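In what follows, a single structure is set out as structure tokens and then discussed.
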Amino acid sequence: MRSLVLLSSVSVLTLAACGEPEIAMEVTEFGDYQIMPEGTEACFEGEMSPSLRDVCVLSSDVMEGRLVGTEANARARDYLLARYEAIGVEPVGESFVHAFEFERPVDFRNPDAGRETLTGYNIIGRIPGADSSKVMAVTAHYDHVGPGENNEIFNGADDNASGVGGMLAVAQHFIDNPPAHDVVIIAFDAEEGGLNGARAFVDNPPEGLAPVTFNFNLDMLGYSPDGNIWAAGSYHTPGLLPVIEAVAADAPITLEAGYDFPTGDPREDWTLLSDHGPFHVAGIPFVYLGVEDHEHYHRPSDEFGIIEPEFYNGVIATSIDLAERFDEGLSEMDLSPREPEPVEPKDG
Ligand SMILES: [Zn+2]
């Protein structure tokens, strides 16, 4: 794929990893880190952080809301493949692209409409650490809900182009600062409507990778009217709380631990709400970083324009700090699960 960057400045690219449908996409080379898919030129004008540029490109109208199984989803994937390649992460196995099949209702509103089998594509990269016996999985889903009934585009800037931008920034950090333990970078597909990419990975991890010790999942990092972001997961793994609190003490934005107490209400307990869910169910400790739901959630208005650069860049710096400390502490941190509450014996 490196040849991608060395091709003449404007080229028509036919990209196809193993088993993937071929698509044609006009790209332009831009600096060391980027390809500029046709229709995203505006993202390359003016100064912005690489993460913000990732959000801009992935939430552009040409990505049509990145619905699984569509050409637009494949366009987003090809942009990410070029980013993985340029950042320098290694493929796991022959390719970065790991296909999986999953079933879903043809129409979520009408169960009688039957079910269909689709193919999704996770993008998996690895950054070797000094100790490969433990693995931290840094994850973010790159798909979104696609176009609406009237073909209005659900651009998915915050959900979840922002998380993908954060994940790539963490990858770049560990390429520049080799980690203490192996880090696997996973852009999950088909999170919308069932966490399907994460389920496929947890149920059937690729060969050549030690079992994942800890999951750091990023989903919706870019818009928070009250300027704070939440880290869920320490209720289940109390040994993580001191790390979160230590990072929060120096963070440029307000970082709080929470949204993981088992109330049974998914609006209050995010334990199973994004790709960290299948890791948790498999007994793998996690921290999920995300903002509270907002007025743009799963709306066409979730566009690049709502992403607040100062807040978002602050979240990126905080994500890198968290990832660095999770990696450093992976062998020392107490990752044992919370002791179940003692059941009070019933009277009589
Ligand atoms: Zn999401």
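The values are calculated or read from the model by the stated rules, or taken from the named source; none is laboratory data. Only a predicted model underlies this, so the values are computations on that prediction, with no experimental measurement involved. Note: ideal-geometry Cβ built from the backbone for every residue, glycine included; neighbour counts use all protein chains shown. Only protein heavy atoms, including side chains, enter the accessible area calculation; ligands, DNA and RNA are left aside. Shrake-Rupley method; radii C 1.70, N 1.55, O 1.52, S 1.80 Å.
This table checks each residue for (1) β-branched (Val, Ile, Thr); (2) surrounded by 15 or more Cβ atoms within 10 Å (Cβ to Cβ).
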residue	(1), (2)
Val243	yes, yes
Ile253	yes, yes
Asp265	no, no
Trp270	no, yes
Val281	yes, no
His296	no, yes
Ile320	yes, yes
Phe326	no, yes
Glu332	no, no
| query | Could you say which residue among Gly166, Gly194 is under 10 Å from the mean Cα position of the chain (by Cα) and either farther than 27 Å from Leu118 by Cβ or within 16 Å of the ligand (Cβ to nearest atom) (or both)? | reply | Gly166
| message | Pairs please, first residue from the range 72-83 and without any contact (Cβ under 8 Å) to a residue 60 or more places away in the chain and within 12 Å of Val57 (Cα to Cα), second anywhere and assigned to a helix (DSSP H, G or I) and open to solvent by less than 10 Å² (accessible area, probe 1.4 Å), Cβ atoms under 9 Å, 6+ apart in sequence or on different chains. | response | Arg75/Met63; Tyr79/Asp54; Tyr79/Val57; Tyr79/Leu58; Tyr79/Met63
| Close pairs from the range 243-255: first within 16 Å of Glu324 (Cα to Cα), partner open to solvent by 70 Å² or more (accessible area, probe 1.4 Å) and in a helix (DSSP H, G or I), Cβ under 8 Å, at least 6 apart | Val243/Arg325; Ala246/Arg325; Val247/Arg325
| task | State all residues of the range 214-230 that are within 16 Å of the ligand (Cβ to nearest atom) and either surrounded by fewer than 24 Cβ atoms within 10 Å (Cβ to Cβ) or not acidic (Asp, Glu) (or both); if no residue qualifies, say none. | result | Asn215, Phe216, Asn217, Leu218, Met220, Leu221, Gly222, Tyr223, Ser224, Ile229, Trp230
| For the range 106-141, how many residues meet the condition of being under 30 Å from Leu240 (Cβ atoms) and not basic (Lys, Arg)? | 19
| note | Note: among Ala187, Ala161, Ala157, Ala130, just one is more than 16 Å from the ligand (Cβ to nearest atom) and of a type in the set (Gly, Ala, Ser), namely Ala130
| query | Would a scan of the range 329-336 turn up a residue that is more than 16 Å from the ligand (Cβ to nearest atom), part of a loop (DSSP other than H, G, I, E, B) and polar (S, T, N, Q)? | reply | yes
| Quick check: is even one residue across the range 156-171 more than 19 Å from Phe304 (Cβ to Cβ) and either modelled with pLDDT of 95 or more or buried (at least 22 other Cβ atoms within 10 Å of the Cβ) (or both)? | yes
| remark: His236 fails exactly one of (1) within 24 Å of Glu85 (Cβ to Cβ); (2) open to solvent by 10 Å² or more (accessible area, probe 1.4 Å), namely (1)
| Here is a list of conditions, (1) touching a residue at least 60 places away in the same chain (Cβ under 8 Å); (2) more than 16 Å from the chain's Cα centre (by Cα), and Met36 meets all of them except one; can you say which number that is? | (1)
| task | Within the range 276-285, identify whether any single residue is farther than 27 Å from Val212 by Cα, over 19 Å from the mean Cα position of the chain (by Cα) and at pLDDT 95 or above, and answer yes or no. | result | no
| request: Inspect the range 205-212 for any residue being open to solvent by 10 Å² or more (accessible area, probe 1.4 Å), charged (D, E, K, R) and within 12 Å of the ligand (Cβ to nearest atom) and give the result as yes or no. | output: no
| query | Looking at (1) in a loop (DSSP other than H, G, I, E, B); (2) open to solvent by 10 Å² or more (accessible area, probe 1.4 Å); (3) touching a Lys or Arg at 6+ places or on another chain (Cβ under 7 Å), can you tell me which one Val145 breaks? | reply | (3)
| task | For Leu330, state whether it is farther than 30 Å from Glu152 by Cβ and modelled with pLDDT of 95 or more. | result | yes
| Within the set of pairs 6 or more residues apart or between chains, which connect a residue that is farther than 17 Å from Gly290 by Cα inside the range 135-146 to a residue that is within 10 Å of the ligand (Cβ to nearest atom) and small (Gly, Ala, Ser) with Cβ atoms less than 8 Å apart? | Val145/Gly156
| For the range 118-142, how many residues are among the aliphatic types (A, V, I, L, M) and surrounded by fewer than 18 Cβ atoms within 10 Å (Cβ to Cβ)? | 2
